[in-house]
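Asker: The following block contains the structure, expressed as structure tokens.
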Amino acid sequence: MNKYELMYVMKPATEEAEREALLEKYKGIIEKADGQVDNIEEWGLRKLAYEIKKETEGFYMLMNFQSDVDVPKELDRNMKIADEVIRHMITRIEE
């Protein structure tokens with residue numbers, strides 16, 4: 001299994017219940033594929049460096065996880081279709 005870091009930014013108007021539901025959805029994708037979530041950090045609302053999808057602020061989340069190579073592709077696909085997520089990036093952490 002490889003180690004990955006997932007950073008995603010949600011619209012600032014996203015309700016807390018929606019944020020929790022998205023987090024659980026992404027954790028479920030990882031755990032369903034026998035992956036493991038190591039760490040989740042909620043960075044909160046921050047000003048964006050530049051406007052993204054007409055938003056100047058965003059709610060930042062950081063997740064570290066271990067999984068097979070197929071999981072980041074599935075997470076990427078899910079985040080692209082989620083209206084609440086305005087930007088995301090998944091990187092592999094070298095050991």
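Bear in mind that the values in this text are calculations on the coordinates, not laboratory data. Because the structure is predicted, anything quoted here is derived from the model rather than measured. Neighbour counts are summed over all protein chains in view; Cβ atoms, including those assigned to glycine, are modelled from backbone coordinates with ideal geometry.
Asker: Would you compute, from DSSP H runs of 4+ residues alone, the mean residue ellipticity of the chain at 222 nm, taking -39500 (n - 2.57) per run and dividing by the full residue count, rounded to the nearest 500?
Answerer: Rounded to the nearest 500, the figure is -10000 deg cm²/dmol.
Asker: Using only Cα atoms, tell me the angle between helix 16-32 and the longest principal axis of the chain; keep it within 0 to 90° and round to the nearest 10.
Answerer: Here the helix axis deviates by roughly 20 degrees.
Asker: Something else about it: Can you give the relative contact order of the chain as a percent, counting alpha carbon pairs under 8 Å and 6+ residues apart?
Answerer: Over the chain, the number comes to 48 percent.
Asker: Kindly put Phe59, Phe65 in sequence by how many other C-beta atoms sit within 10 Å of each C-beta, fewest to most. Intermediate results must be reported in sequence, preceding the final value.
Answerer: Values: Phe59 21, Phe65 26.
So the ranking, lowest neighbour count to highest, is Phe59, Phe65.
Asker: Under unit Cβ charges (Lys, Arg +1; Asp, Glu -1), what dipole magnitude, rounded to 20 debye, does the chain have relative to its Cα centre?
Answerer: Roughly 380 debye, rounded to the nearest 20.
Asker: Further question: Averaged over every viewing direction, what's the projected area of the C-alpha convex hull for the chain? Give it in nm², one decimal, please.
Answerer: 5.9
Asker: Mind scanning Lys32/Lys80; Lys3/Lys25; Lys3/Lys54; Lys3/Lys53 and naming the pairs with a C-alpha gap bigger than 26 Å? Spell out each step's value before the answer.
Answerer: Details: Lys32/Lys80 20 Å; Lys3/Lys25 19 Å; Lys3/Lys54 33 Å; Lys3/Lys53 30 Å.
Pairs exceeding the cut-off: Lys3/Lys54; Lys3/Lys53.
Asker: If you don't mind, another one. Could you work out how much longer the chain between Leu62 and Thr91 gets when fully extended? Use 0.36 nm per residue separation minus the Cα distance between them, nm to one decimal.
Answerer: Stretched out fully, the Leu62 to Thr91 stretch lengthens by 9.3 nm.
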